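Structure, as structure tokens:
The values are calculated or read from the model by the stated rules, or taken from the named source; none is laboratory data. Being a predicted model, the structure only gives us computed values, none of them experimental. Here Cβ is always computed from backbone atoms with ideal geometry, including for glycine, and neighbour counts include all displayed protein chains. For the accessible areas, the whole protein counts, side chains as well, though only heavy atoms, and no ligand, DNA or RNA atoms are used. Shrake-Rupley method; radii C 1.70, N 1.55, O 1.52, S 1.80 Å.
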Amino acid sequence: MRIDILVWVIGIPVVIAFVILLFYQLKRHRLLKDELAQLAKIKQHNIEYELVLKAMKLSTWRMDVPTATITFESDYRDKTDNFVPPPGAPVDVMYDYVLEEYRDHVKEKLSALMAGKTEDFHQQYQMSSPHSSNTNWTETFATIDKRDIDGKPLTIVGTTMRIDDQKEIEQALIEARNHAEESDRLKSAFLANITHEVRTPLNAIVGFSDVLPMVQSEEERNELIKLIKQNNAHLLRLFDDMLNISKLEAGNSGHIVKEDFELLSLFREIVEKYLPLCVEKGLEVLVDESVEGDVIKTDRDRLKEILNQFMNNAVKFTDSGSISIGYEKKSSHVRIWVSDTGKGIPEDKCNEHLFERFVKVDDFVAGTGLGLSICRSLANALGGTVGVESVFGKGSTFWVDIPI
């Protein structure tokens with residue numbers, strides 16, 4: 001009996017201790033399991049957080065307000081010339097790389113956030129690179145993270161990204177909008193002007209045709225017929241220009257047919273067309289005879305149309321002197337030009353804008369402002385370019401480069 005009692009006396013505490021130990025181990029296991037689950041969540045959160053930063057190409061930073069220092073925690077921007085100061089660098093270091101025109105504004109807004117006067121910070125500005133002479137557009141967001149018992153900011157967290165591509169798109173959209181507005185303005189001016197351009201030759205044709213049967217003098221009759229023909233030609237030219245530009249704008253430039261032909265024969269054909277007008281104005285017409293036998297390969301009709309436009313302008317704006325047509329060989333192309341001794345073009349108008357639609361150098365001279373635009377479109381279709389060199393009051397040279 002004594003041994004049994006001893007066993008019970010010793011066994012019961014052991015069992016109780018074992019139960020308590022087992023309960024403690026189970027509880028510890030549950031706590032450990034919860035901690036591991038929490039760590040897994042934190043790790044998953046960090047992975048997702050990093051994926052977001054990488055996808056958005058952001059850099060994150062933290063600012064200690066009392067010491068006015070900044071530390072970049074991560075940087076996923078896709079360039080190598082970004083501003084990344086060493087940990088704990090003074091905030092003023094950042095201002096040194098902000099371009100001067102934005103510096104005061106950025107400093108003012110960030111200082112207001114550090115003083116607790118505002119809740120957040122959002123600015124777009126340009127920065128210079130600490131590693132090169134390049135500049136880049138930067139967008140920064142920031143907000144207050146912690147405050148002291150008085151409500152004053154202790155830490156500020158923020159993100160910074162590069163927005164160069166966005167700014168390029170914005171600039172392209174602004175330029176496209178301005179171009180559309182300018183094109184709309186020019187088109188309105190064209191529509192207002194074309195009424196006058198069409199009515200003037202029509203009135204002349206109708207008026208001279210009514211008078212023609214009543215004229216007895218053969219000389220006067222011939223003069224009226226000549227005027228009617230001139231106004232007919234002018235009217236046809238107007239409609240040809242409008243038809244050509246309509247086709248080109250619709251993308252219907254036709255099939256390019258390149259063939260070999262002699263330049264001199266083309267030059268003589270164009271000169272023959274405009275010679276009567278030149279003789280009437282007392283202008284000398286010069287052709288570069290050295291091109292005899294020279295052959296090029298391109299679309300003859302389109303090149304002819306370009307040179308016709310150049311010759312038409314030369315005759316229109318030249319009152320005395322001469323008009324010449326010729327060409328010169330370059331390494332990869334042939335430059336064909338029409339030169340005159342006319343009034344020339346003012347320096348501020350002698351640029352690429354001259355070859356846009358509805359642009360006229362002199363609003364008092366008849367024309368639609370479409371001719372040079374047609375030349376540029378036709379030259380582009382041939383793989384070439386057009387241009388002009390001019391001295392105001394002395395003359396102009398319009399040229400087209402055709403690739404060999």
Anything in the stretch 367-394 that is open to solvent by less than 10 Å² (accessible area, probe 1.4 Å) and part of a strand (DSSP E or B)? List them, or say none.
G387
So if I check each of S332, S322, which one is in contact with a strand residue (DSSP E or B) (Cβ under 9 Å, 6 or more places away or on another chain), surrounded by fewer than 22 Cβ atoms within 10 Å (Cβ to Cβ) and modelled with pLDDT of 90 or more?
S322
Selected residue (criterion: surrounded by the most Cβ atoms within 10 Å (Cβ to Cβ)) from residues of the stretch 155-173 that are within 30 Å of A112 (Cβ to Cβ) and aliphatic (A, V, I, L, M)
I156
Please state which of the following conditions H131 fails to meet, knowing it meets all the rest: (1) touching a helix residue (DSSP H, G or I) at 6+ places or on another chain (Cβ under 7 Å); (2) in contact (Cβ under 8 Å) with a residue 24 or more places away in the chain; (3) open to solvent by 50 Å² or more (accessible area, probe 1.4 Å).
(1)
If only one of L243, L191, L236 is at pLDDT 75 or above, within 20 Å of L372 (Cα to Cα) and open to solvent by 60 Å² or more (accessible area, probe 1.4 Å), which one is it?
L236
Determine the pairs where a residue that is more than 21 Å from T67 (Cα to Cα) and open to solvent by 20 Å² or more (accessible area, probe 1.4 Å), located within the stretch 135-154, has a partner that is among the hydroxyl-bearing types (S, T, Y) and outside any loop (DSSP other than H, G, I, E, B) with Cβ atoms under 7 Å apart, the partner being 6 or more residues away or on another chain.
T135/S128
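Okay, residues lined up against (1) without any contact (Cβ under 8 Å) to a residue 60 or more places away in the chain; (2) assigned to a strand (DSSP E or B); (3) open to solvent by less than 30 Å² (accessible area, probe 1.4 Å):
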| position | (1), (2), (3) |
| --- | --- |
| N82 | no, no, yes |
| P85 | yes, no, yes |
| H122 | yes, yes, no |
| Q126 | yes, yes, no |
Mind listing whichever residues of the stretch 381-404 are on the phi < 0 side of the Ramachandran plot and either free of Cβ contacts under 8 Å to residues at least 40 places away in the same chain or more than 29 Å from the chain's Cα centre (by Cα) (or both)?
T385, G387, E389, V391, F392, K394, S396, I404
Answer yes or no as to whether I296 is under 22 Å from L264 (Cα atoms), modelled with pLDDT of 90 or more and among the β-branched types (V, I, T).
no
Which pairs have Cβ atoms under 6 Å, sit 6 or more apart or on different chains, and link a residue in the stretch 53-68 that is on the phi > 0 side of the Ramachandran plot to one that is modelled with pLDDT under 90 and among the polar types (S, T, N, Q)?
none
Residue by residue through the stretch 98-115, note down the ones that are within 17 Å of A142 (Cβ to Cβ) and open to solvent by 30 Å² or more (accessible area, probe 1.4 Å).
Y102, R103, H105, K107, E108, K109, S111, M114, A115
Hits in the stretch 272-295 - residues which are under 41 Å from the mean Cα position of the chain (by Cα) and open to solvent by less than 20 Å² (accessible area, probe 1.4 Å)
Y274, V291
Is it fair to say S183 is more than 21 Å from T67 (Cβ to Cβ), surrounded by 11 or more Cβ atoms within 10 Å (Cβ to Cβ) and at pLDDT below 90?
yes
